[in-house]
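Engineer: Before I ask anything, here is the structure I am working with.
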Protein chains: 2
Amino acid sequence: MARTSAPENSRARATGRRRSGRPGHDADSVLRVAARVFNERGYDGTSMEDLARALGVTKSAIYHHVSGKSELLRQSLEVAMDALFAVTREEGATDGRAIDRLEHVMRGSVRVLVEELPHVTLLLRVRGNTEVEKRALERRRRFDHLIADLVREGVVDGDIRSDVDPAVASRLLFGMVNSIVEWYKPDRGLACEEIADALTRIAFEGLRSTRG
Amino acid sequence: MARTSAPENSRARATGRRRSGRPGHDADSVLRVAARVFNERGYDGTSMEDLARALGVTKSAIYHHVSGKSELLRQSLEVAMDALFAVTREEGATDGRAIDRLEHVMRGSVRVLVEELPHVTLLLRVRGNTEVEKRALERRRRFDHLIADLVREGVVDGDIRSDVDPAVASRLLFGMVNSIVEWYKPDRGLACEEIADALTRIAFEGLRSTRG
DNA sequence: TTGCAAACTGAACGAACGGTCGGTTAGTAA
DNA sequence: TTACTAACCGACCGTTCGTTCAGTTTGCAA
């Protein structure tokens, strides 16, 4: 009797060298699949049985790689936040005028969002229900604060319009950025740069045609 | 022994006339509370026991008002979608230039979003896991399609810049609108119009200062 | 061929889940 | 007082949940 759908198998050839021991999943491939399934059915809506099916193994096999369901969430959220904070430490995010640093962080966030789509998507849906989620939300709040500061600086510099509340503006701005996870499909479709271009055009110059 | 927290009680005085029978919750007040708790803990993360606690009754009492958990979700999503589609039938959304109709729908969506915050928030988090959710997503797709058409028309009219893909633009636009549910707090804070103003300014004129 | 390391199985656990049911309580109106 | 209506309770059901555990399978290297 065949399986209903091919399981996702991979101890990544990324390293090149094969490891000893029985082949199959390792902690990394389990995390990748888990993040994807969590996004499809929601974290609470995903049972360990669902995960096992997607991995092509039994429930109990998962516990060989990870201590439990919430640990999978923890690792996924960590990957996402690490990548986002890495952007804020890049040269373009620390040097130059505030409005340019803001654009750099926006473009970098789009890049991270596309590269780590499942993890970031998961992060953006966290509600703060458990301790793991609360810690991630705390970190996200620090990131948001950083953005709001950039907008405020831009207003002081005279580069950003002063007739909108910087706090509201920064939230709307990253609301736009984050909304990408709702519709972006990695395979068919737009490159990361095209989206970032459209985003920054709308964000800084606006949608209205400027001819005439 | 006292309850740990005051239950939310209300057979709304909205109607004025008291009904006969034992006072307490009715179907409407159960739905309101349910939508709020669903948002706090997520739909899948909310047990009927959680709902009962928030209502100040036992689990079984809920089934006197509604047939089950998924029915509560169904009703909530219906309220949200009905309100959003009502906006698209208003005069300002059917007459005039496309860009003005677009602005009307955006402002109307903000208004609906603020007025029906819990229901709309729930709608925006639906993943399409169950039949009820799939039906809601279908309706939402029709709404999104309507917006994309408005943007396309605006480009043809020459009112909206043509160097961004209308499909991407409309998604980013309503990504910005929808993100409001992530941070808007009804009590303390901004009026609906202030947010709509900031939103339309950024969306149409952009964030960059235009002086000089 | 043997030894080892890593991945995996199948059965089972207590807890929590959504939902059911027969009976009870608290108001309104005659 | 009585009849009626609507809200509610408590015990219980079958199922699914996350997790555990003792043992088995598989490929690689010595």
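The values are calculated or read from the model by the stated rules, or taken from the named source; none is laboratory data. Note that this is a predicted model, so its numbers are computed, not measured. Here the Cβ is made from the backbone with ideal geometry for all residues, glycine too, and neighbour counts use every protein chain on show. Just the protein is used for accessible areas: all its heavy atoms, side chains included, with ligands, DNA and RNA removed. Shrake-Rupley method; radii C 1.70, N 1.55, O 1.52, S 1.80 Å.
Engineer: How big is the stretch A:54-196 on each of its three principal axes, counting only the C-alpha atoms and giving the largest first in Å?
Structural biologist: Over the stretch A:54-196, Cα extents along the principal axes are 59, 36, 26 Å.
Engineer: For B:A191, which inter-copy label distances result when the label point lies 7 Å beyond Cα on the Cα-to-Cβ vector, reported in nm to one decimal and in ascending order?
Structural biologist: Between copies, matching label points for B:A191 lie 4.7 nm apart.
Engineer: Scan around A:I160 for amide H atoms under 5 Å from its own, H built in the peptide plane at 1.01 Å from N, and keep only partners 5 or more places away or cross-chain.
Structural biologist: A:V155, B:S209
Engineer: So how many Å³ per residue does the convex hull of the Cα atoms of the protein assembly as shown work out to? Don't skip to the answer; put the middle values down first.
Structural biologist: Details: hull volume 82.8 nm³, N = 424.
In the protein assembly as shown, the Cα convex hull volume per residue is 195 Å³.
Engineer: Solvent-accessible area of B:D95, probe 1.4 Å, all protein chains present, reported in Å² to the nearest ten, please.
Structural biologist: The accessible area comes out at roughly 90 Å².
Engineer: Continuing with this model, one more query. Would you mind getting the accessible area per residue of the stretch A:72-205, heavy atoms of the protein chains only, 1.4 Å probe, in Å²? Please list the in-between numbers first.
Structural biologist: Working: 5850 Å² over 134 residues.
Dividing the accessible area of the stretch A:72-205 by its residue count gives 44 Å².
Engineer: So, one more: Just to confirm my numbers, what's the Cα centroid distance between the stretch A:64-93 and the stretch B:141-212 in Å?
Structural biologist: Using only Cα atoms to place each centre, the spacing works out to 30 Å.
Engineer: Also, quick follow-up: Averaged across the residues of B:166-179, what count of C-beta atoms belonging to other chains lies within 10 Å of each residue's C-beta?
Structural biologist: Numbers: counts 0, 3, 10, 5, 1, 8, 13, 4, 3, 11, 11, 4, 5, 10.
Partner Cβ neighbours, averaged per residue: 6.
Engineer: Add +1 for every Lys or Arg and -1 for every Asp or Glu among the other residues with Cβ under 10 Å from the Cβ of B:L123, and state the total.
Structural biologist: Values: positive: B:R125, B:R139, B:R140; negative: B:E78, B:E116, B:E133.
Neighbour charge sum, excluding B:L123 itself: 0.
Engineer: Note down the accessible area of B:K59, probe 1.4 Å, to the nearest 10 Å².
Structural biologist: Counting only protein heavy atoms, B:K59 exposes about 100 Å² to solvent.
Engineer: Sticking with this one: Using protein heavy atoms only (no ligands, DNA or RNA), what is the total accessible area buried between A and B, 1.4 Å probe, nearest 100 Å²?
Structural biologist: Details: alone 13240 and 13230 Å², together 22280 Å².
Between A and B, the summed buried area is about 4200 Å².
Engineer: Can you give me the accessible area per residue for the stretch A:23-62, using a 1.4 Å probe, in Å²?
Structural biologist: Values: 1680 Å² over 40 residues.
That works out to 42 Å² for each residue.
Engineer: Keeping all protein chains in position, work out how much accessible area B:Y63 exposes to a 1.4 Å probe, and write it in Å² to the nearest 10.
Structural biologist: We get 120 Å² for B:Y63.
Engineer: Need one word for the stretch A:23-62: rounded, prolate or oblate. Basis is the Cα gyration tensor (sqrt eigenvalues a ≥ b ≥ c); a/c below 1.5 gives rounded, then a/b vs b/c decides.
Structural biologist: Details: a/c = 2.46, a/b = 1.47, b/c = 1.67.
Oblate, since a/c reaches 1.5 and b/c is not below a/b.
Engineer: Run the quick spin-label model on A:D50 and B:R97: label points 7 Å from Cα toward the beta carbon, then report their separation in nm to one decimal.
Structural biologist: 4.7
Engineer: Further, regarding this structure: For the stretch A:51-151, what % of the accessible area comes from carbon and sulfur atoms, probe 1.4 Å?
Structural biologist: So the carbon and sulfur contribution to the accessible surface is 49 percent.
Engineer: Kindly provide the helix-only [θ] at 222 nm of chain A, computed as the sum of -39,500 (n - 2.57) over DSSP H runs of four or more divided by all residues, to the nearest 500 deg cm²/dmol? Could you put the intermediate results ahead of the total?
Structural biologist: Details: 10 runs with 126 residues, N = 212.
Result for chain A, helices only: -18500 deg cm²/dmol.
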